[in-house]
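A quick write-up on the structure given underneath.
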Amino acid sequence: MSIKIHQSDLVELLSTAQSSSKPSFRDIQGHYEHEQLHDLQLIKGNLSCREPLLIQSQSEGTTIQLHLVLSGSSRIGTEKKGLLFQKQEQHLLQHADVDSTLYVVGDPAYRFVEINLGQAFLERILAYGDHSLETLFLAKQQGMVVSLSKQSVAGHPAISAIIQELVRNPFLGTLRALYLESKVMELLIWQAAGLPKPITDVRVSLKDRDKLYHARELIRQHIKTPYTVAQLAKLVGMSESSLKRGFKTAFGNTIFGYLYELRMDQARILLHDNRYSVAEVAYQIGYQHSQHFSAAFKRRFGYLPSQHMFL
């Protein structure tokens, strides 16, 4: 059994203290905040209900939206089919003249943040001429909701920190808008940097390419507590030897070499933030001993992590 409600009715229900006259809506709890900040539209929501919700909405024209899932899960479509949103994911979506239904499991609560990107903001991004950023906005499909890009936040403390800073925006007026814009830019940069580069080497069979992409994504999501090669091979359905050989051929690095580079790049970002000690950074990326981390960091960048703030 599910509850059907139009988005406009849901917004009105959650934006006021009054209870709904419809008995089926009285179980819906939460809050909904809407804010227009220059070229960005910020929406924060928290939905909880005893029964699943079917939220109906319409889009006019083409809209680019950054959708961040803080807890719970939902799906654009039906309970079993459609575009799935899960906890600790960020999606870049294109809505194009479409009537859509968002299926939300009401328990646990679905907490989300949406940022609709205005045309002027998009034009400023594309004016940089960066290929990775341009690639984020390449989809041209019409009449549907398209996922332009998806990124897991799990295992990325820097991205989690940006999202928390965005939600807790402490400023007012123009500074509030500029702060939000800077955080959205940071999230888009992370998303662009995480785009998978296509495997073009003819020595990698077509049937193995999806498995290798999957293996690489699993490594990215678990840099703190990584899988062993045996576990990784089992998860993607390859033998250990085929996985190691295929990964090196496809991505030009060994599995452990790729993990090492991910960890060190993540460490440098965390150190640049100046909120974590060397020991805390080491722990965040999966090192039990900070001295081992310091040696690995110096091997990668040529200086100790304790020296990073002085560069």
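From the list A109, A96, pick out the single residue that is crowded, with 17+ Cβ neighbours inside 10 Å and modelled with pLDDT under 70.
A96
Is it true that Y283 is within 23 Å of the chain's Cα centre (by Cα) and either without any contact (Cβ under 8 Å) to a residue 60 or more places away in the chain or assigned to a helix (DSSP H, G or I) (or both)?
yes
Of the residues E280, E261, which is acidic (D, E) and within 16 Å of H222 (Cβ to Cβ)?
Criteria check complete, one pass: E261.
Only one of Q221, Q191, Q142, Q151 is more than 26 Å from H95 (Cβ to Cβ), modelled with pLDDT under 85 and either not assigned by TED's automatic domain parsing to the domain that holds R124 or not hydroxyl-bearing (S, T, Y) (or both). Can you tell me which?
Q221
If you check I76, I115, which single one turns out to be surrounded by 18 or more Cβ atoms within 10 Å (Cβ to Cβ), at pLDDT 80 or above and out of contact with any Pro (no Cβ under 7 Å at 6 or more places or on another chain)?
Answer to the check: I115.
Conditions: (1) within 22 Å of Q88 (Cα to Cα); (2) part of a loop (DSSP other than H, G, I, E, B). Q288 meets all but one. Number of the miss?
So Q288 meets the others, but not (1).
On the given criteria, is M264 part of a loop (DSSP other than H, G, I, E, B) and among the hydrophobic types (A, V, I, L, M, F, W, C)?
No; evaluated as a whole, the condition is false for this residue.
The values are calculated or read from the model by the stated rules, or taken from the named source; none is laboratory data. Just so we're clear, the structure is a prediction, and the values are computed from it rather than from any experiment. Glycine gets a Cβ as well: all are built from the backbone with ideal geometry, and neighbour counts include every protein chain shown.
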